[in-house]
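Peer 1: For reference, the structure I am asking about is given below.
The values are calculated or read from the model by the stated rules, or taken from the named source; none is laboratory data. Quick caveat: nothing in here was measured; it's all calculated off a predicted structure. Here the Cβ positions follow ideal geometry from the backbone for every residue, glycine too, while neighbour counts run over all protein chains shown.
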């Protein structure tokens, strides 16, 4: 389930970056609408489609994935036979990576909890809108219902309902609002918004999904504004003035079309923008190979996906449900092998055909280890006693073990609200050395709902009282017991939190700290980001910090563009430049050919089409000295290359204008 969710998030993110880089500034609003809707659907369906084996980049792994070889276990293996691979013990794994299976289970619980919360929010919004629509007085205007509302609320629409306070606006503005909302209804924009909200329910954790919904809403407003200005009764300046009067700073229900104040400036700018040239439609065709590449890279080959599914089903039938993650690789009886190193004893445990596990004890915990002869010894902790039989010869020893659980310990934990009844679970508590006093300490700190699966990594990672106090003193908001596990494993401490806060980062939450630390983002990096970034107060500033780090965008990278005159690059521009590997050197090569102050949109188009300064020189050598960049981009996109021009000249087609060869290429066809 987790791979599918993450794969969907990856596709949605890639499509958003593609849209922002190449499409969002185009005035093909209808086309952009279908791209935005189509990509949402593709993001959830593409991961489910198997690809032919000959197209999959994963076909090399088919055999090993379907039928993995099993490693035989020798019955008479001695401590000296170290050739067989040995897994580290549960305790060692927990100390280093806090039990991946347990973490994945926790992540899934967290994910579905978020889905439930956002689904509930979605239903509540729908109920509120339907209640308002049918509880307030309304006027039927053909297929439209004009619902009168009170107070200083912005007008909006949902389905065929238009919510507006008629007393708030003068007659011309009122009519323009109604016409605007009727366009929303006629074009069924509510369907777009509902689909976007459904995406957010299942992708609530993905910041790019929220940006996707915002991009969709903006495009719908652009589309509606464009339709408004095509009306003979609407004058552009009057309409823009009405928008400024109607704009509201509050945020209405997200299921409705609305007059969001933060979008008004963008809408007015777009209304006054130059219409996109039809030659720029080449950009849209790049989306298809992008999605095909994703499918070839990540989708299972057709044969493999079927075999793997059947294997999974058979494994699920073989594996008993009671065999939980806690007892994997261990049993209460078996064989042991040990090596004494200084003041510690490294022990490996083997149970029948199970893979070996190992752990480390302090030598001082054992009394009377049998030397050079068979004997018995024991190790007692609160969870129970481990009885050993065997002997040591020098630093090495071997024998058998049996764990006896302490049922009183189970009762004491039950009194504290922690249920641990199985001997195998108590053995894990024994290995990690969980004590009743530790549980009481956690409850004293305010963590009353303690699960036994949380105690294992907490104790193994030595999440003690001093550490918890230091995190609380650092003032982290929304801090839960489960957050202590990734915090300690990532070495997030009070000093790191204060460093992040002092850098100017305001949204200090547990999730954000984990994201920052996992990306190795320091306070200095954040300070450099804020000093170098143009958008110092944007809502998505925090997301941009993580994105900048993942793309390795630093102060040196930003300054390199400032040195050649690009002082006002937005965060989106910088990420696009880095993603497309556009360097200052690439830009200066164009300046040498006479093209200066190249816009970022033109740079993206040039790089996407692999247009270089050398290509421009080839065009100029053919006699085209008055070309603008749009001519070159259009020529390369349609295939009117210097080689094509030469071939046409040889056939007697001599034109002084490159655009003529573009038109000729469109006629003869793209080879």
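Condition check ((1) within 25 Å of the chain's Cα centre (by Cα); (2) surrounded by fewer than 13 Cβ atoms within 10 Å (Cβ to Cβ)) across all residues:
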{"position": "566", "(1), (2)": "no, no"}
{"position": "570", "(1), (2)": "yes, no"}
{"position": "575", "(1), (2)": "yes, no"}
{"position": "581", "(1), (2)": "yes, yes"}
{"position": "585", "(1), (2)": "no, yes"}
{"position": "594", "(1), (2)": "no, yes"}
{"position": "600", "(1), (2)": "no, no"}
{"position": "603", "(1), (2)": "no, no"}
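Peer 1: Being within 24 Å of residue 579 (Cα to Cα) and either assigned by TED's automatic domain parsing to the domain that holds residue 226 or at pLDDT below 90 (or both) is true for just one of 11, 2. Which residue is that?
Peer 2: 11
Peer 1: Can you name the strands (runs of 3 or more DSSP E) wholly within the stretch 107-180 that have at least 3 residues being more than 27 Å from the chain's Cα centre (by Cα) and surrounded by fewer than 18 Cβ atoms within 10 Å (Cβ to Cβ)?
Peer 2: So the answer is 138-141.
Peer 1: Using the structure shown, decide if residue 365 is within 48 Å of the chain's Cα centre (by Cα) and assigned by TED's automatic domain parsing to the domain that holds residue 439.
Peer 2: Yes: the conditions hold for residue 365.
Listed here are the residues, each with its yes/no results for (1) farther than 30 Å from residue 6 by Cα; (2) touching a strand residue (DSSP E or B) at 6+ places or on another chain (Cβ under 7 Å).
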| residue | (1), (2) |
| --- | --- |
| 109 | no, no |
| 128 | yes, no |
| 150 | yes, no |
| 156 | yes, yes |
| 168 | yes, no |
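Peer 1: Being surrounded by fewer than 18 Cβ atoms within 10 Å (Cβ to Cβ), in a helix (DSSP H, G or I) and touching a residue at least 40 places away in the same chain (Cβ under 8 Å) narrows it down to one residue among 12, 37, 6, 21; which is it? It would help to see each step written out before you state the result.
Peer 2: Values: 12 fails: surrounded by fewer than 18 Cβ atoms within 10 Å (Cβ to Cβ); 6 fails: touching a residue at least 40 places away in the same chain (Cβ under 8 Å); 21 fails: surrounded by fewer than 18 Cβ atoms within 10 Å (Cβ to Cβ).
Selected residue: 37, the only one of 12, 37, 6, 21 that is surrounded by fewer than 18 Cβ atoms within 10 Å (Cβ to Cβ), in a helix (DSSP H, G or I) and touching a residue at least 40 places away in the same chain (Cβ under 8 Å).
Peer 1: Another question, if that's okay. Step by step: first the residues of the stretch 612-660, then only those that are under 23 Å from residue 584 (Cα atoms), touching a helix residue (DSSP H, G or I) at 6+ places or on another chain (Cβ under 9 Å) and part of a loop (DSSP other than H, G, I, E, B), then the one that is modelled with the lowest pLDDT. Which residue is that?
Peer 2: Applying the filter and picking the extreme gives 627.
Peer 1: With the structure loaded, tell me whether residue 386 is in contact with a helix residue (DSSP H, G or I) (Cβ under 7 Å, 6 or more places away or on another chain), assigned to a strand (DSSP E or B) and crowded, with 16+ Cβ neighbours inside 10 Å or whether it fails that test.
Peer 2: Values: in contact with a helix residue (DSSP H, G or I) (Cβ under 7 Å, 6 or more places away or on another chain): yes; assigned to a strand (DSSP E or B): yes; crowded, with 16+ Cβ neighbours inside 10 Å: yes.
So residue 386 passes the test.
Peer 1: State which residue is surrounded by the most Cβ atoms within 10 Å (Cβ to Cβ) when the search covers only the stretch 464-477 and only residues that are under 28 Å from the mean Cα position of the chain (by Cα) and within 19 Å of residue 443 (Cβ to Cβ).
Peer 2: Here the residue is 471.
Peer 1: Ok, one more. Looking at residue 609, is it modelled with pLDDT under 90, under 36 Å from the mean Cα position of the chain (by Cα) and surrounded by fewer than 20 Cβ atoms within 10 Å (Cβ to Cβ)?
Peer 2: Judged against the criteria, residue 609 is a match.
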